[in-house]
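Undergrad: My structure is below; once you've seen it, I'll send some questions.
The values are calculated or read from the model by the stated rules, or taken from the named source; none is laboratory data. These numbers were taken from a predicted model, which means no experiment stands behind them. Please note: Cβ atoms are built from the backbone with ideal geometry, for glycine as well, and neighbour counts cover all protein chains shown.
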Amino acid sequence: MSATRQKSARMKIDILTIFPEFFTEVFDFGIIRRAKAKGIVEINAVDLREFTSDKHRTVDDRPFGGGDGMVLKCEPVFAAIENLLGTSDRTGFPKGTRVVLLSPQGRVFKQRVAREFSTEIEHLILICGRYEGIDERVTDALVDEEISIGDYVLSGGEPAALVVVDAITRLLPEALGSETSAENDSFSDGILDFPNYTQPREFRGMEVPEVLLSGNHAEIDKWRRRKALEKTEKNRKDLLTKENG
Ligand code: SAM
């Protein structure tokens, strides 16, 4: 992946990781691939081992105070940020830059957070933790915000980075193309999406709802809204009682 920013990319995303190979092909499909090709987004995986200074390219060490496991060291992360932004002093980070640490301890990533990121950020830097986590001095000195993709613990930040990048990219202007829109997606207006059907009209005795074949768009809209509410009530009642999209 290129380390230099394409001039036209509206959002640049750098993912700091000890496993850059994780991202080798994962962004080469569908909407993300097209958004990259159109210069809407540029995504780079930055190998933290490139920013080590010992011959073993060490990125982890034992925790002070004892205990299990290893901790991701702070030096490679500081060096990588300095390389990307010219400084590790947060007050000197360029406007539009946000440094995010993927962490189960962070703000939970929701559709509204994805929308916020897609509109406010020009340069997103995602730091992927591993092992027991990352030296807290990274969080204190470099990180604008910790983001969690849910209340469970992953082995590393890479799958979380993939989720965040995907959800943001499809919201960038023109990423979806004219044939699709995020408008009706689940959470966009606080409820889940309505059910969809395609050919054949009848499959193993299961019929497509008659109203969808009627051509009456007012009735179709009413039916879709009702079905979306029913699905929300059944699967995600919490969305109906608080602003949770
Ligand atoms: N000991 C840490 C704790 O309990 O908070 C968990 C460390 S976890 C095994 C290793 C890394 O995976 C974390 O540093 C973080 O980058 C990533 N990670 C794990 N769960 C995550 C989640 N729910 N959302 C985002 N990142 C997560």
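Undergrad: If we keep just the residues of the stretch 197-231 that are small (Gly, Ala, Ser) and surrounded by 11 or more Cβ atoms within 10 Å (Cβ to Cβ), which is farthest from the chain's Cα centre (by Cα)? Break it down stepwise before answering.
TA: Step one: filter the stretch 197-231 for residues small (Gly, Ala, Ser), giving 205, 214-215, 218, 228.
Then drop every residue that is not surrounded by 11 or more Cβ atoms within 10 Å (Cβ to Cβ), which leaves 214, 228.
Details: 214: 39, 228: 25 Å.
The extreme case among them is 214.
Undergrad: Take the stretch 105-120 and flag every residue that is surrounded by fewer than 17 Cβ atoms within 10 Å (Cβ to Cβ) and more than 16 Å from the ligand (Cβ to nearest atom).
TA: Within the stretch 105-120, 112, 116, 119, 120 qualify.
Undergrad: Scan 86, 67 and give me the residue that is in the same structural domain as residue 127 (by TED's automatic domain parsing), without any contact (Cβ under 8 Å) to a residue 12 or more places away in the chain, farther than 28 Å from residue 188 by Cβ and surrounded by fewer than 20 Cβ atoms within 10 Å (Cβ to Cβ).
TA: 86
Undergrad: Does residue 189 satisfy the criteria of being farther than 21 Å from residue 171 by Cβ and charged (D, E, K, R)?
TA: Considered against the rule, which asks whether it is farther than 21 Å from residue 171 by Cβ and charged (D, E, K, R), residue 189 comes out as no.
Undergrad: Could you check how many residues of the stretch 127-145 are closer than 17 Å to residue 93 by Cβ and within 8 Å of the ligand (Cβ to nearest atom)?
TA: Selection size over the stretch 127-145: 1.
Undergrad: Of the conditions (1) closer than 27 Å to residue 132 by Cβ; (2) among the aliphatic types (A, V, I, L, M); (3) more than 18 Å from the chain's Cα centre (by Cα), residue 37 clears all except one; give me its number.
TA: Result: residue 37 passes all but (1).
Undergrad: Inspect the stretch 158-165 for any residue being under 27 Å from residue 240 (Cα atoms), β-branched (Val, Ile, Thr), touching a residue at least 40 places away in the same chain (Cβ under 8 Å) and loosely packed, with under 15 Cβ neighbours inside 10 Å and give the result as yes or no.
TA: no
Undergrad: Ok, one more. So residue 34 ticks every box in (1) in contact (Cβ under 8 Å) with a residue 40 or more places away in the chain; (2) within 15 Å of the ligand (Cβ to nearest atom); (3) among the charged types (D, E, K, R) but one. Which box is left unticked?
TA: (2)
Undergrad: Restrict the check to the stretch 202-212 and report whether at least one residue is more than 16 Å from the ligand (Cβ to nearest atom), closer than 29 Å to residue 122 by Cα and in contact with a helix residue (DSSP H, G or I) (Cβ under 7 Å, 6 or more places away or on another chain).
TA: Checked against the condition, which is being more than 16 Å from the ligand (Cβ to nearest atom), closer than 29 Å to residue 122 by Cα and in contact with a helix residue (DSSP H, G or I) (Cβ under 7 Å, 6 or more places away or on another chain), the stretch 202-212 yields no hits at all.
Undergrad: With of a type in the set (S, T, N, Q), in the same structural domain as residue 73 (by TED's automatic domain parsing) and surrounded by 13 or more Cβ atoms within 10 Å (Cβ to Cβ) as the only criterion, which of 148, 155 stands out?
TA: Result of the check over 148, 155: 148.
Undergrad: Going by what's in this entry, would residue 116 be described as under 30 Å from residue 190 (Cβ atoms) and without any contact (Cβ under 8 Å) to a residue 60 or more places away in the chain?
TA: yes
Undergrad: Looking at the stretch 97-104, is at least one residue more than 22 Å from residue 59 (Cα to Cα) and away from the ligand (no atom under 11 Å from the Cβ)?
TA: Residues of the stretch 97-104 that are more than 22 Å from residue 59 (Cα to Cα), as a first pass: 97-98.
From what is left, the residues that are away from the ligand (no atom under 11 Å from the Cβ) are 97-98.
Scanning the stretch 97-104, I find at least one residue that is more than 22 Å from residue 59 (Cα to Cα) and away from the ligand (no atom under 11 Å from the Cβ), so the answer is yes.
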